[in-house]
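Data first, discussion second: the structure below is written as structure tokens.
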Amino acid sequence: MNLKMNSLLRCACTAVTICLGLPLSHLSAAAPPAKVKPLSSYDPQVKALLAKMTLEEKVGQMTQPDISALQDPTDIENLFLGSLLSGGNADPKEGNSLDAWTNMYDEYQKHTQKTRLGIPILYGVDALHGHNNVLGAVIFPHNIGLGCTRNAALVEKIGKITAEEVRATGIQWAFAPCVTVPQDIRWGRSYEGFSSDPAIVKVLGEAAVRGLQLNDLSNPLAVLACAKHYLADGGTSFGTGTGGKNTLDQGNSEIDEATLRQVHLQGYLTTIKAGVGTIMPSYSSWNGLKMSANKYLMTDVLKKELGFEGFVISDYNAIDQIGKDYKENVGITINAGMDMVMIAGRHREFVKDLLALVKEGKVPMSRIDDAVTRILRVKFAMGLMDKDRSQLADRKLQSSFGSPAHRAVAREAVRESLVVLKNGNQALPISKQAARIHVAGKSADNLGNQCGGWTIDWQGKTGEVTPGGTTILASIKSAVSKGTKVTFSADGTGAEGATLGVVVVGEKPYAEGFGDRTNLALDQEDINAIANVKQAGIPVVVVLLSGRPLILGDALNQADAFVAAWLPGTEGQGVTDVLFGDFKPVGKLSFAWPKSMDQVPVRTGDTKTDVLFPLGYGLKF
Ligand code: BGC
């Protein structure tokens, strides 16, 4: 890149990174937002129901066990449970098929019909990039890729499709969108964030909520959204994570309140405006105090100052991290403003402890009533209390599950998310008439690597992960002309004689703290694959699949063209749409791309560090 170009790009980046709170001309907006009915408008019905409830029934509403640890499903009626979830690996016993998920949901929901008041459960899952636990669901790019599209209308459409696929299994609640603003790409959850720029996060987070909730929770195709992880989950300092000395996940954000608000709160302002029904406090701490225990942030800021009318759901066993005594943790979190608690394994203990705390006067009844009011508002708003409406899955929705129409939108998202970092010798676009294309790299024919974490398994898995998708190798084969020969070797050997090489490399799947890394250099295996193709003396196009910018080192010099494709999901043809010039690249970096580990972290608003590619960068051709 020449100097002039570099400085032009840097100006563009400055415009993006300092625009906190300013008009967002670089983002394409969705249609003017529809007005959402306030949740408190359901208070008359809620009040009437609350008046009939016993303390046990109220505490049950506040309890959300993970099904993997719900040994006895009659706990649903015996403890009056308000909600269930499937955490990352909590699958139906019969496996991950669409039918297995739907049957499981229906079975659990039927238990609520045996309770005196018949209040249905809300069932929650991590539908983070599509209904990603279910085989055959369309898997969209992870948020980091969507951030590069800057396309709010598209993100809203993705939310809508995700909601439809989630509803096809009966489930009504997605723990999404993640509106984190990651500050340090060593964090394993960087890809869950749209951007390190809150100006991007706030617009796309709002769009995602509007898509999932359809601006009307009573719509049977809407799912309840959950903005997470409140607050500053992406602001933790390196070395403070719960996974050991080189980790960040679930750690401590050592920042002042101005930064907390300007950087990390932005996505909540807009998602609340869009009517988000739930918010999940983070595992992490702010200046030493766990979010699950932070009354100022949960009650004073979120509920009082920002007027959030929905309910707050804890993260998975997060309250266990407050202190050593479980009962004390229960009291601290509920008094701080937690409305529902996500629990794997000790839900009976939670119920017992919370009942005791109320009877001992340590948790006031007014707090319980506030929590249950918030939960019931959402249930009324969603039509769960409507006696004429079945709460079992609407199996007619299964006809569009993983459909070509849904896949087409994912393909659109993939092609808009690609960021072209380098295009030397006009290596791109590739001619579909090329005599022979040699495809290489461990991720070229690997749908699991393409989808990343949170795909079927919590940690994702390398290799064949879900049916119905298209790998990049398969996409290349279907894009080229009849006369073009496509050869493949994962290690890049045998490329001699080809017209050009396409090498697909990057990270293997991971989720959460398992992805915390000190060193973000490319794997040796990837460096070798690129070098092997280069040695054949042909132009080399590198496609990087990763959950964050990686340190490219000499691989960037070796490549004629270099494309960041993030974690695109099942629709590999979105990648080839750009590679073969059927779609002109539009993607812009949503994170700054450092030259070396010495430059990490590049924090929001940092325009001084001389990074390799600034936030906002992306070539066109
Ligand atoms: C994650 C959340 C997720 C929850 C439920 C936790 O480990 O931090 O993002 O929603 O699990 O699966």
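Restricting attention to region 127-143, report how many residues are under 22 Å from SER190 (Cβ atoms) and either of a type in the set (Phe, Trp, Tyr) or in a loop (DSSP other than H, G, I, E, B) (or both).
Qualifying residue count, region 127-143: 10.
Do any residues in region 447-461 that are farther than 18 Å from VAL138 by Cβ have Cβ atoms under 8 Å from those of residues that are assigned to a loop (DSSP other than H, G, I, E, B) and within 14 Å of the ligand (Cβ to nearest atom), where the two are at least six apart or on different chains, and which pairs are they?
Pairs found: TRP458/GLY87; TRP458/GLY88; TRP458/ASN89; TRP458/ALA511; GLN459/GLY88; GLN459/GLY453; GLN459/TYR510; GLN459/ALA511.
Any idea which of VAL586, VAL578, VAL542 is among the β-branched types (Val, Ile, Thr), more than 25 Å from the chain's Cα centre (by Cα) and farther than 22 Å from ALA511 by Cβ?
Exactly one residue qualifies, and that residue is VAL542.
Among (1) surrounded by fewer than 24 Cβ atoms within 10 Å (Cβ to Cβ); (2) away from the ligand (no atom under 16 Å from the Cβ), where does ASP249 come up short?
So ASP249 meets the others, but not (2).
Run down GLY267, GLY277, GLY307, GLY243 and say which single residue is open to solvent by 20 Å² or more (accessible area, probe 1.4 Å) and within 16 Å of the ligand (Cβ to nearest atom).
Within the list GLY267, GLY277, GLY307, GLY243, the selection yields GLY243.
Which residue, of VAL363, VAL358, VAL378, VAL372, is at pLDDT 95 or above, touching a helix residue (DSSP H, G or I) at 6+ places or on another chain (Cβ under 8 Å) and under 30 Å from PHE194 (Cβ atoms)?
Just a single option satisfies the conditions, and that option is VAL378.
Does region 46-63 contain at least one residue that is among the acidic types (Asp, Glu), away from the ligand (no atom under 16 Å from the Cβ) and under 30 Å from GLU165 (Cβ atoms)?
No: region 46-63 contains no residue that is among the acidic types (Asp, Glu), away from the ligand (no atom under 16 Å from the Cβ) and under 30 Å from GLU165 (Cβ atoms).
Testing TYR316 on (1) surrounded by fewer than 23 Cβ atoms within 10 Å (Cβ to Cβ); (2) within 16 Å of the ligand (Cβ to nearest atom); (3) outside any loop (DSSP other than H, G, I, E, B), one condition comes back false. Which one is that?
Every condition holds for TYR316 apart from (3).
Six or more apart or on different chains, Cβ under 9 Å: which pairs go from a residue in region 346-361 that's loosely packed, with under 15 Cβ neighbours inside 10 Å to one that's of a type in the set (Lys, Arg)? Could you list them?
Pairs that qualify, where the first residue is loosely packed, with under 15 Cβ neighbours inside 10 Å and the partner is of a type in the set (Lys, Arg), are GLU349/LYS327; ALA356/LYS327; ALA356/LYS362.
Which ones in region 280-304 are crowded, with 22+ Cβ neighbours inside 10 Å, in a strand (DSSP E or B) and among the hydrophobic types (A, V, I, L, M, F, W, C)?
MET280, TRP286
Which one is surrounded by the most Cβ atoms within 10 Å (Cβ to Cβ) among residues in region 91-111 that are of a type in the set (D, E, K, R) and not in a loop (DSSP other than H, G, I, E, B)?
Within region 91-111, the match that is surrounded by the most Cβ atoms within 10 Å (Cβ to Cβ) is ASP106.
Answer yes or no as to whether GLN450 is under 22 Å from the mean Cα position of the chain (by Cα) and farther than 20 Å from PRO585 by Cα.
no
If you go through region 222-240 one residue at a time, how many are within 10 Å of SER285 (Cα to Cα) and open to solvent by 30 Å² or more (accessible area, probe 1.4 Å)?
Number satisfying all stated conditions: 1.
Looking at region 346-358, is at least one residue at negative phi, of a type outside the set (Asp, Glu) and not in a helix (DSSP H, G or I)?
The answer is yes; a qualifying residue exists.
I need the full set of residues from region 136-145 which are open to solvent by less than 10 Å² (accessible area, probe 1.4 Å) and either touching a Lys or Arg at 6+ places or on another chain (Cβ under 7 Å) or over 18 Å from ALA100 (Cα atoms) (or both), in order please.
If the condition is that a residue be open to solvent by less than 10 Å² (accessible area, probe 1.4 Å) and either touching a Lys or Arg at 6+ places or on another chain (Cβ under 7 Å) or over 18 Å from ALA100 (Cα atoms) (or both), then VAL138, ILE139, PHE140, PRO141, HIS142, ILE144, GLY145 are the ones that fit.
Does GLY88 satisfy the condition of being part of a loop (DSSP other than H, G, I, E, B), surrounded by fewer than 24 Cβ atoms within 10 Å (Cβ to Cβ), under 17 Å from the mean Cα position of the chain (by Cα) and within 16 Å of the ligand (Cβ to nearest atom)?
When the stated conditions are applied, GLY88 passes them.
If you go through region 187-200, how many residues are more than 16 Å from the ligand (Cβ to nearest atom) and crowded, with 24+ Cβ neighbours inside 10 Å?
Adding up the residues that qualify gives 5.
For a quick check of your reading of the model, give me the residue pairs whose first member lies in region 63-80 and is open to solvent by 40 Å² or more (accessible area, probe 1.4 Å), whose second is within 15 Å of the ligand (Cβ to nearest atom), with beta-carbon atoms closer than 6 Å and at least 6 apart or on different chains.
Close Cβ pairs (under 6 Å, with a partner that is within 15 Å of the ligand (Cβ to nearest atom)) amount to SER68/ALA90.
Criterion first (within 16 Å of the ligand (Cβ to nearest atom), open to solvent by 10 Å² or more (accessible area, probe 1.4 Å) and assigned by TED's automatic domain parsing to the domain that holds VAL46) does ASN335 satisfy it?
No, not satisfied.
From LEU579, LEU545, LEU520, grab the single residue that is assigned by TED's automatic domain parsing to the domain that holds GLY448 and either at pLDDT below 95 or more than 25 Å from LYS432 (Cβ to Cβ) (or both).
None of the others qualify; the one that does is LEU520.
The values are calculated or read from the model by the stated rules, or taken from the named source; none is laboratory data. Bear in mind that the values here come from a model prediction, so they are computed numbers and not experimental data. Quick reminder, even Gly has a Cβ in these numbers, built from the backbone with ideal geometry, and neighbours come from all protein chains shown. Only protein heavy atoms, including side chains, enter the accessible area calculation; ligands, DNA and RNA are left aside. Shrake-Rupley method; radii C 1.70, N 1.55, O 1.52, S 1.80 Å.
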